[in-house]
Amino acid sequence: MSLPRQLFLLLACVLGALWSAVGWDYVNSESVAEAQLREQTSTLSLAFAEHTELTFSRGEFVLLQLREAWLANPKAFPDAIKRYQELLDDSVVQIGIVSPDGTLIFSTAGGPPVNLSDREHIRVHLDAQHLDRLFVSRPVMGRASGKWSIQLSRPIFDHGKFVGVIVVSVDPGYFVRFYQKINLGERGLVLILRETGEILARSPDLEKHIGKKLVSAPPSGPNHPLKGNFHVSSSIDGAERVVGYVRMPRYGISVIVGAGVDEQMASVHTHQRLMLTIAGAATLLFSLLFWVLLRGIARRERAEQKISEFNRDFEALLNQTTDQIFFKDNEGNFRFCSQALAENTGYSHWRDMVGKKDSDIFRPSVAQDFEKDELSITTSGKPLLNQETTYYDTEGKERYLSASRWPLRDGQGEIVGIFGISRDITTHKQAEKILADALLVAEAASRAKSAFLANMSHEIRTPMNAILGMANVLRREGVSDKQSERLDKIEASTSHLLGTLNNILDLSKIEAGKFALENTAVSIPALLSNVCSILNERARSKGLQLKTDCADLPTNLQGDPTRLQQALLNYAANAVKFTEQGSVLLRAFLLQEDEQEAMVRFEVHDTGVGIPQEAIPRLFNAFEQADNSTTRKYGGTGLGLAITRRIIELMGGKVGVESTPGVGSLFWFTARLSKQ
């Protein structure tokens, strides 16, 4: 066994014997003093409990007598109160009668009728009008008087019928004045506590604590003792006390007497402090001697341990990191480097690079660049951060590095070398190139798609216009009713196809970024009127009312009226299409404005079929409708709302919809318009 361990065991034995003796004396003296405290608090709690029970029993007796007096003759009730005044002494604040609806109809304190149905001591009788029982309330603050009181209440029955509540308000200060006749010390306290935890009375500091809940309350319930003691640290004032208590289940309260442990055990603590001082001095003396003997040994062991731990951690860092880390001296010789740097430059272990220079490892051009950068660091004393460089690995492949290098200083601030960290970003650079190439391909594909759509639109619209022209020629030459009906179908189908082509072309222009907006004068009332004119015949054929509502708007607005009308017409045409009866309302009003521009909101209300909530998120996507049955029944491509959304977003606005199936829908969009 080593000498330090032998000395430690000897010291432990001596100190163990010393502190065992001190501990036995400490515990034994406290046990005797605590037993005396328990006896004292038990005796006082019994005495104060008798006083409290006497006060509550007198209050209950007066309640019963005054209840009979009220039933016998309410007018003579004040005289009856006077007869029991001496019995009540100064413990009662007021006596009151409460009607069956909770209104205070009589009070010795006077004042107008007040509804007290929200009070606990009234509510308990209103909710259980068949029970004749005494109720002791939590402390109540008087609404008029602003004073605390404890309410003793009983129901009033007239031939078995509940006719009200009689209340006696007991002054908590009455108990406090009695308790203050006995000196319990600065930390001593007496309190009356409800079984639900509320403090009914407390000495001292009644006003500060009355009505609050006590965390460390005595146990309650039929299986717990009616009196006893316990040791507690107060959650209110932090004082440590020995507490005696007496429970009074009849009234649902407990009387608690607490004596401060620190005050009552002052002499014990003085003796304990003396013993602890002697033991502490002896311990300090022995420990000082032990420390002097072991100081040199411990200091040497700690130093060796720290060096060992540092070497271990530093070795692990150099071996495990994937970054290329290095330390160089002022001559450019490697002092340390990470294993990753050694492997990337063709060395099996980083120790093989110690003492070498960049010119021994890298190609001349790369080595010269490194040496030039590091010379600037040692000269200026400033780091080079996040510098991208290249080098060639052992297979001759070019690789990219993101390097940061700092000057390495000694304790006097002098530069003694270079410290650097490099990270291989070759994969990142390759990914950037792949992404750039893919972007070029995607842009080329988008341009090709736009050109294709434009060409196809032209190729299809030319024969479509020819078909419409020929249909008009045939109609002017005279046709039968049956032929006219067939020409109508040809014209309707051709117009629908041309509209679809225009929508596809608009969507293609938007996606290609070639969709330009005009900036001319905009008349919103005229815009609403135009849309109604276009749809008027269609709405009238279905028996629908087509209405507009245009609030006062600035007259100097500018924007693209054609595209605004297109967006509003898409909304309104859908509303007419999906509404079988009722009306369609077009609205426009101002959301906000300043000197340069205004934000206007357009709305289309209908009483149509409505849209399920789960379908709403898809509505403004291209080629999307609420469901497949919509296309079969009403037709359409699902492009109108998508184009509307794209147009409105170009105008700096937003689109949205609110709908209830079977009730109707509200489609809206906002547009930011400039001012002249």
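One residue alone among Gly252, Gly258, Gly211 is touching a residue at least 24 places away in the same chain (Cβ under 8 Å) and buried (at least 18 other Cβ atoms within 10 Å of the Cβ), and that residue is Gly258. The residue that is nearest to Ser348 (Cα to Cα), counting only those in the stretch 360-394 that are open to solvent by less than 90 Å² (accessible area, probe 1.4 Å) and polar (S, T, N, Q), is Thr390. Residues that are of a type in the set (A, V, I, L, M) and within 53 Å of the chain's Cα centre (by Cα): does the stretch 379-395 have at least one? The answer is yes; a qualifying residue exists. Quick check, is Thr579 in a loop (DSSP other than H, G, I, E, B) and more than 43 Å from the chain's Cα centre (by Cα)? When the stated conditions are applied, Thr579 passes them. Screening Arg351 on (1) part of a loop (DSSP other than H, G, I, E, B); (2) open to solvent by 60 Å² or more (accessible area, probe 1.4 Å); (3) under 26 Å from Pro407 (Cβ atoms) shows it passes everything except condition (1).
Remark: pairs (first residue in the stretch 412-425, within 13 Å of Glu331 (Cα to Cα); second residue among the polar types (S, T, N, Q); Cβ separation under 6 Å; 6+ apart in sequence or on different chains) = Ile415/Thr378; Gly417/Asn330. Counting only residues that are farther than 12 Å from Ile253 by Cβ and of a type outside the set (Lys, Arg), the stretch 42-60 holds 12 of them.
Does Ala72 satisfy the condition of being among the hydrophobic types (A, V, I, L, M, F, W, C) and free of Cβ contacts under 8 Å to residues at least 24 places away in the same chain?
yes
If you go through the stretch 327-350 one residue at a time, do you hit one that is closer than 26 Å to Leu375 by Cα, within 53 Å of the chain's Cα centre (by Cα) and hydroxyl-bearing (Ser, Thr, Tyr)? The answer is yes; a qualifying residue exists. Just to be sure before I move on: is Ala303 in contact with a Ser or Thr (Cβ under 9 Å, 6 or more places away or on another chain) and assigned to a helix (DSSP H, G or I) in the structure I sent? The answer is no for Ala303. None of Leu15, Leu10 is in contact (Cβ under 8 Å) with a residue 24 or more places away in the chain and not hydroxyl-bearing (Ser, Thr, Tyr) except Leu15. Comparison of Val92, Val27, Val32, Val14 shows that the only residue that is open to solvent by less than 50 Å² (accessible area, probe 1.4 Å) and either within 57 Å of the chain's Cα centre (by Cα) or closer than 30 Å to Ala281 by Cβ (or both) is Val92. Residues that are outside any strand (DSSP E or B) and charged (D, E, K, R) within the stretch 647-676 comprise Glu649, Lys654, listed in sequence order.
Of all the numbered requirements in (1) without any contact (Cβ under 8 Å) to a residue 24 or more places away in the chain; (2) touching a Phe, Trp or Tyr at 6+ places or on another chain (Cβ under 9 Å); (3) not aliphatic (A, V, I, L, M), Ser380 misses one, and that requirement is (2).
Among residues belonging to the stretch 48-81 that are of a type in the set (A, V, I, L, M, F, W, C) and open to solvent by 50 Å² or more (accessible area, probe 1.4 Å), point out the one that is farthest from Val268 (Cα to Cα). Spell out how you get there, then give the answer.
Just the residues of the stretch 48-81 that are of a type in the set (A, V, I, L, M, F, W, C), to begin with: 48-49, 54, 56, 61-64, 66, 69-72, 76-77, 80-81.
Checking the rest, the ones that are also open to solvent by 50 Å² or more (accessible area, probe 1.4 Å) come to 54, 61, 64, 71-72.
Working: Leu54: 38, Phe61: 48, Leu64: 52, Leu71: 62, Ala72: 64 Å.
Here the residue is Ala72.
For every residue, the table says whether it meets (1) surrounded by fewer than 18 Cβ atoms within 10 Å (Cβ to Cβ); (2) within 18 Å of Phe162 (Cα to Cα).
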| site | (1), (2) |
| --- | --- |
| Leu104 | no, yes |
| Thr108 | yes, no |
| Gly111 | yes, no |
| Glu120 | yes, yes |
| Asp127 | yes, yes |
| Leu131 | yes, yes |
| Val136 | no, no |
| Met141 | yes, no |
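Regarding Leu189, is this residue closer than 26 Å to Leu54 by Cβ, under 41 Å from the mean Cα position of the chain (by Cα) and touching a residue at least 40 places away in the same chain (Cβ under 8 Å)? Judged against the criteria, Leu189 is not a match. Considering every residue within the stretch 158-181, establish whether at least one is part of a loop (DSSP other than H, G, I, E, B) and either farther than 28 Å from Thr43 by Cα or within 42 Å of the chain's Cα centre (by Cα) (or both). Yes: one or more hits.
Within the stretch 395-411, one or more residues are open to solvent by less than 20 Å² (accessible area, probe 1.4 Å) and of a type in the set (Lys, Arg). Is it true that some residue in the stretch 605-620 is touching a Lys or Arg at 6+ places or on another chain (Cβ under 8 Å), assigned to a strand (DSSP E or B) and at pLDDT 85 or above? The answer is yes, given that some residue of the stretch 605-620 is touching a Lys or Arg at 6+ places or on another chain (Cβ under 8 Å), assigned to a strand (DSSP E or B) and at pLDDT 85 or above. With respect to (1) open to solvent by less than 40 Å² (accessible area, probe 1.4 Å); (2) at pLDDT below 85; (3) within 24 Å of Pro100 (Cβ to Cβ), the lone exception for Leu184 is condition (3).
The values are calculated or read from the model by the stated rules, or taken from the named source; none is laboratory data. All values reported here derive from a predicted model rather than from experimental measurement. Here Cβ is always computed from backbone atoms with ideal geometry, including for glycine, and neighbour counts include all displayed protein chains. Side chains are part of the model used for accessible areas, which takes the heavy atoms of the whole protein and leaves out ligands, DNA and RNA. Shrake-Rupley method; radii C 1.70, N 1.55, O 1.52, S 1.80 Å.
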